Every structure is written in C-alpha cells, then in structure tokens.
1. I need the full set of residues from segment B:1-17 which are more than 12 Å from residue B:77 (Cα to Cα) and either modelled with pLDDT under 95 or within 11 Å of chain A (Cβ to nearest Cβ) (or both), in order please.
2. With respect to residue B:111, is the statement that it is within 14 Å of residue B:53 (Cα to Cα) and either surrounded by fewer than 16 Cβ atoms within 10 Å (Cβ to Cβ) or facing another protein chain (nearest Cβ under 8 Å) (or both) true?
3. Applying the selection to segment B:52-92, what residues are free of Cβ contacts under 8 Å to residues at least 12 places away in the same chain and closer than 15 Å to residue B:135 by Cα?
4. Which of the residues belonging to segment B:24-51 are more than 18 Å from residue A:83 (Cα to Cα), more than 10 Å from chain A (Cβ to nearest Cβ), free of Cβ contacts under 8 Å to residues at least 40 places away in the same chain and in a helix (DSSP H, G or I)?
5. Yes or no: residue B:143 surrounded by 18 or more Cβ atoms within 10 Å (Cβ to Cβ) and either within 14 Å of chain A (Cβ to nearest Cβ) or over 14 Å from the mean Cα position of the chain (by Cα) (or both)?
6. So residue A:9 fits all but one of (1) in contact with a helix residue (DSSP H, G or I) (Cβ under 6 Å, 6 or more places away or on another chain); (2) surrounded by fewer than 21 Cβ atoms within 10 Å (Cβ to Cβ); (3) within 14 Å of chain B (Cβ to nearest Cβ); what number is the exception?
7. Whether any residue in segment A:17-39 is surrounded by fewer than 22 Cβ atoms within 10 Å (Cβ to Cβ), closer than 16 Å to residue A:77 by Cα and more than 13 Å from every other protein chain (Cβ to nearest Cβ) is what I want to check.
8. Could you list all residues from segment A:61-85 that are part of a helix (DSSP H, G or I) and at the interface with chain B (Cβ under 10 Å from one of its Cβ atoms)?
C-alpha cells in the first residue's frame with residue numbers, strides 16, 4: 001500500500017509532506033522504543049509511535065524510514081518538523097491509538113518489518 | 001580532507017554531552033551526512049549510522065560526556081566513542097538483548113531498552129569494548145568498506 005493509502009486509512013493529517021506519499025510502503029514498525037526501530041530491517045517503511053519527540057525522527061533518519069506516524073493526535077514541535085523536512089521524512093498525525101492504527105493497517109495487508117538480515121555483512125557467517 | 005602516510009581519506013570528531021537528550025542523535029546524523037557525501041555504500045552507511053547512533057546514545061544516557069571520532073580510508077570506516085562514565089561491570093551481560101541498567105525516566109523517553117550494544121554488534125564488522133568501572137568506556141566500531 002502507498003503512504004497515501006495509509007494516510008487515508010488512518011484518517012491522518014499530513015504535517016510534513018516530503019513528496020513521497022505515492023511511495024509504496026512495504027512494512028511498518030510500531031514502537032516507542034528507539035532501539036527497536038534500529039533492530040529491524042527497514043526500507044520502504046513507516047514508523048508508528050506515540051513518542052512525539054525529535055529523537056524519534058532522528059532515529060527514523062538513521063533507520064532510513066520514509067514516514068513517521070504519530071498517534072493520538074500528538075503533533076511534533078517546530079524543531080522536529082524542520083529536521084524531518086530537511087531529511088525527507090514525512091510526518092503524519094492520526095487521531096487513532098497505536099493499537100488501533102496498527103490493527104487497521106494490518107487489515108489492509110501491511111505487515112511488520114522483518115528483523116535485520118545481515119547476509120551482506122562482510123566477514124560474517 | 002585529511003591525508004597522511006596511511007592514506008586516510010577523512011577524519012573528524014564530535015563532542016557529546018551526557019544527559020543532552022534534546023540533541024540526541026545529532027552527532028550520528030551529522031556523520032551520516034558526511035559519509036553519504038563521500039559516497040559510502042548505502043547498506044554500509046546504514047549499518048554505520050545505526051551502530052554510531054547507539055554508541056552516541058550510550059554516552060548521553062550513562063556518561064557525563066564523551067567524544068565520537070571517525071576515520072575513513074579506502075578499506076574501512078573506524079568509529080571510536082570514548083566516554084567519562086560509570087563504566088560497564090560485566091560487558092558480556094551488557095551485550096545480552098534486553099538487559100539494561102537505564103533508569104525509568106530514560107525508558108520513558110524511548111531509550112534504555114537494552115538493545116544498544118547488541119545493535120552495535122549486529123551492525124559493525126568489528127566491535128571492541130574496553131571499560132573501567134568508575135572511569136569510562138571506549139567503544140571501537142569498524143565497518144569494512146572494501
């Protein structure tokens with residue numbers, strides 16, 4: 001499903017639009033623990049979180065996540081918005097809880113991001 | 001650009017202030033931008049960024065202050081994070097996924113899940129940790145570029 005499909009499903013408001021809402025999203029990570037975000041293999045993915053802090057978006061940048069979905073209508077501050085815009089990470093806010101948002105997206109076929117595969121890691125078996 | 005006899009391509013450092021959660025991840029994202037500009041491969045860049053981010057967060061969470069140094073040559077990217085913190089009593093235990101000594105207020109901020117060192121190990125080609133209780137910890141990460 002595309003990011004636009006996700007926005008429509010979650011009845012979400014776009015706070016930062018990085019011109020990627022037509023991008024296909026393959027998986028989602030839903031957590032408030034930032035190290036969990038870094039644990040998963042995440043490309044073409046979204047992060048669903050209730051942690052509306054700038055380091056959630058910085059973590060998303062490191063993990064190369066396409067968009068961050070903040071739940072329960074929590075909106076980020078201007079510093080977070082500016083950082084996301086500079087890094088090309090869209091920010092979307094949904095009135096739904098994290099649980100409800102995950103459930104609705106799961107019903108539409110979106111699945112959890114897989115654990116990081118390290119096959120390409122040099123020198124490691 | 002720095003060049004010396006070992007053909008170092010690029011090097012630099014960042015200072016990290018302990019407890020400075022408002023700037024958490026800034027050093028790592030800055031380094032990611034720098035490495036991206038010199039053409040580090042996407043997957044290697046991602047691994048380096050994740051390992052660096054976790055190392056930076058450990059300084060912020062546990063130490064008074066620290067320094068992140070990076071060196072790139074044709075063969076490898078080496079990142080050294082040295083801090084003035086409490087040190088790690090049992091490194092093997094600290095490497096266990098889910099084991100954390102972070103206080104509750106840190107966990108409420110989304111950190112301290114006990115995944116920092118395991119994430120560093122997963123993403124680095126080489127990881128060395130030296131720590132002295134009461135003095136501090138030095139983490140050395142290597143990403144092979146060749």
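The values are calculated or read from the model by the stated rules, or taken from the named source; none is laboratory data. All values derive from a computational prediction rather than experimental measurement. Heads up, the Cβs are rebuilt from the backbone with ideal geometry, glycines too, and the neighbour counts pull from every protein chain shown.
1. B:1, B:2, B:3, B:4, B:5, B:6, B:7
2. So residue B:111 fits the description; yes.
3. B:90
4. B:37
5. Yes, satisfied.
6. (3)
7. Within segment A:17-39 (the criterion being surrounded by fewer than 22 Cβ atoms within 10 Å (Cβ to Cβ), closer than 16 Å to residue A:77 by Cα and more than 13 Å from every other protein chain (Cβ to nearest Cβ)), the answer is yes, since at least one residue qualifies.
8. If the condition is that a residue be part of a helix (DSSP H, G or I) and at the interface with chain B (Cβ under 10 Å from one of its Cβ atoms), then A:61, A:62, A:63, A:79, A:83 are the ones that fit.
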